[in-house]
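Structure record follows, encoded as structure tokens.
The values are calculated or read from the model by the stated rules, or taken from the named source; none is laboratory data. Bear in mind the structure is a predicted one, so any value in this text is a computation, not a measurement. Virtual Cβ from ideal backbone geometry, glycine too; neighbours counted across all protein chains shown. The accessibility values were calculated without ligands, DNA or RNA, using every heavy atom of the protein model including side chains. Shrake-Rupley method; radii C 1.70, N 1.55, O 1.52, S 1.80 Å.
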Amino acid sequence: MSLLIKNGTIVTSEQTFHGDIYIEDEKIKEIGSKLDIKDAEVINAEGKYVIPGGIDAHTHFNLHAGAYTASDDFYTGTKAAAYGGTTTIIDHMGFGPKGCSLKHQAGVYHGYADNMAVIDYSFHGVFQWVNDDILSEIEDMMKLGITSLKIYLTYDFRLKDDEVYRVFKKMKELGALPAVHSENHEIISYLRDYYIKSGLGSPIYHAKSRPPECEAEAISRMINIASLAESPLYIVHLSTKKGLKYIKMAKEEGQRVYSETCPQYLVLEENKYLNEGAKYIMSPPLRKKEDNEALWTGLKDGTISTVATDHCPFFYESEKKPAENDFTKCPNGAPGVEERIPIMFSEGVMKGRISLNKFVEVTSTNPAKLFGIYPKKGEIKAGSDGDLVIIDPSKEVTLSKKILHENVDYTPYEGLKLKGYPVITIARGKVIVKEGLFYGNKGYGKYLNRSKGILL
Ligand code: URP
Ligand code: ZN
Ligand code: ZN
């Protein structure tokens with residue numbers, strides 16, 4: 001199978017230039033101008049941008065959360081991702097049975113994803129308790145290609161600070177990257193009880209019970225514990241200006257602290273909780289305009305390293321809306337895997353908030369580097385996988401559930417007008433989406449056995 005993409009504006013995290021890309025046997029073979037390859041299928045990308053396929057390093061396909069299961073599985077979720085210009089996902093495993101090993105969930109997740117995904121995929125491990133056996137299993141997980149593992153500071157399987165410290169020390173020793181969901185559990189628990197006991201259960205109280213200080217405090221604590229353990233640190237789904245300040249300060253002092261934000265924290269605000277608010281119940285919650293603006297600045301100046309989605313969809317009508325009077329009963333999470341690249345291109349690049357190269361860096365190249373799949377992924381150069389996305393900057397789209405492919409009954413971005421949209425998605429040299437039609441196959445996606453990440 002060979003494919004020649006001609007006359008596109010090729011954009012990487014470092015360069016923008018006009019040219020052709022030739023892909024053979026799933027890999028980029030040659031980049032040049034006026035390439036003429038006999039028998040290759042030709043795509044004319046004149047007037048369009050050709051970028052490395054998007055990498056969403058934070059999804060929750062099939063997540064089991066109490067009585068609910070996230071509604072996209074590894075087939076529907078990766079198909080929707082492909083429609084939106086994402087060619088690799090790294091899914092965060094959910095919790096397994098109490099007391100289970102780290103490897104237990106790796107097995108469960110291969111069962112969910114193998115022969116299902118239409119694009120390449122990997123997993124982050126998850127800690128749900130800590131002892132010597134669990135710590136020694138980190139190395140086994142790395143041998144399975146899982147070189148990043150997540151710690152939660154809230155929910156039922158949260159870790160305590162001494163456990164976090166032990167995990168950070170061990171991960172540092174092995175060269176693995178800890179990812180942390182940072183929220184102060186005790187204060188949130190108290191506020192949740194307080195609001196419910198006061199009869200204040202509507203969705204806005206989900207946000208009020210998880211104030212910015214709870215995220216910022218947990219981030220600053222993680223930064224200090226990582227410093228003590230001399231470990232790098234990756235903060236998932238950063239949502240606040242206050243949290244960002246701590247990350248910026250630590251980076252300025254030379255600490256290796258990386259962070260990820262998500263489109264919802266860049267373009268949606270807390271006022272969403274006032275109308276069909278259960279749609280937006282996710283943790284951390286939506287914040288204020290000043291937080292959105294600070295996060296855009298953080299992306300632009302390099303304080304924030306990546307943009308992922310935390311895609312975790314639940315049906316609004318049947319699952320979220322019934323909890324409208326008691327936010328504590330609502331499954332947490334929202335869809336977004338398909339909307340990420342279009343939103344970042346339109347709201348970021350087209351609105352002049354970030355450059356084209358920064359857009360590629362945060363949506364593809366940096367996640368590839370940090371999570372050990374670079375330069376196979378996240379790059380356009382000879383030898384890299386033929387994962388490319390063609391964006392038509394003149395295509396205007398109004399985001400709506402009607403045009404999206406996620407297995408859920410709403411999008412948090414309904415009505416958002418976009419300028420520019422992915423029109424072709426190529427995964428390992430195969431066109432899997434073209435002008436709204438899907439040509440991919442269940443099981444085409446391969447498991448990515450990840451190496452240690454490159455610390456930026
Ligand atoms: O509300 C969210 N984000 N649900 C998914 C699990 C998590 O905390 O990332
Ligand atoms: Zn989380
Ligand atoms: Zn998550």
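Each Lys and Arg adds +1 at its Cβ and each Asp and Glu adds -1 at its Cβ; summed about the Cα centre, the chain shows a dipole of about 440 debye.
Ligands, DNA and RNA are left out, and with a 1.4 angstrom probe the accessible area of the stretch 1-148 is 38 Å² per residue. Taking N as the residue count of the stretch 1-73, its C-alpha radius of gyration divided by 2.2 N^0.38 Å amounts to 1.60. For the stretch 41-138, the Kirkwood hydrodynamic radius comes to 15.1 Å, computed from all pairs of different C-alpha atoms.
Tilt of helix 74-83 relative to the longest C-alpha principal axis of the chain, in degrees (0 to 90, nearest 10)? Once rounded, one gets 50 degrees. In percent, rounded to a whole number, the relative contact order of the chain is 22, using alpha-carbon pairs under 8 Å and six or more apart.
Measuring nothing but protein heavy atoms, the accessible surface of the stretch 278-321 at 1.4 Å probe radius is 48 percent carbon and sulfur. What aspartates and glutamates could a cross-link reach from residue 245, if we take a straight Cα to Cα line under 15 Å and drop same-chain neighbours fewer than 8 places away? Reachable aspartates and glutamates: 213, 215, 217, 253, 260, 290, 291, 293, 301. Just tell me which aspartates and glutamates come within less than 12 Å, Cα to Cα, of residue 103; anything on the same chain fewer than 8 places away is out. Here the aspartates and glutamates satisfying the reach criterion relative to residue 103 are 133, 137, 139, 140. Farthest towards the positive end of the charge dipole of the chain, among the residues 304, 152, 209, is the Cα of 304, using unit charges on the Cβ of Lys, Arg, Asp and Glu.
Accessible surface area normalised per residue over the stretch 154-193 is 48 Å², counting heavy atoms of protein chains with a 1.4 Å rolling probe. Per the Cα gyration tensor, the stretch 97-212 maps to an equivalent ellipsoid with semi-axes of 31, 19, 12 Å, ordered largest to smallest. Note on residue 27: aspartates and glutamates with a C-alpha under 16 Å away, same-chain residues under 8 apart excluded, are 41, 120, 379, 385, 387. In terms of the mean number of neighbouring beta-carbon atoms within 10 Å, the peptides 435-445, 391-401 order highest first as 391-401, 435-445.
Rounded to the nearest 20, the size of the Cβ-charge dipole of the stretch 1-157 about its Cα centre is 260 debye, with Lys and Arg at +1 and Asp and Glu at -1. Its residue count N fixes a reference of 2.2 N^0.38 Å for the chain, and the Cα radius of gyration divided by that reference is 0.93.
Axis of helix 241-252 versus longest Cα principal axis of the chain: the two differ by about 70°, to the nearest ten degrees. Principal-axis analysis of the Cα atoms of the chain puts helix 212-229 at an angle of about 80° to the longest axis. In the stretch 344-456, Rg over Rh equals 0.98, where Rg is the alpha-carbon radius of gyration and Rh the Kirkwood radius from pairwise Cα distances. Entry comment: accessible area of the stretch 220-351 is 34 Å² per residue, from protein heavy atoms only and a probe of 1.4 Å.
Here the stretch 189-292 is treated as a sphere whose radius is the Kirkwood value from Cα pairs; by Stokes-Einstein at 37 °C and 0.692 mPa s it diffuses with a coefficient of 225 µm²/s.
Legend: translational diffusion of the stretch 223-267 by Stokes-Einstein, Rh = Kirkwood radius over C-alpha pairs, 37 °C, 0.692 mPa s; D = 300 µm²/s.
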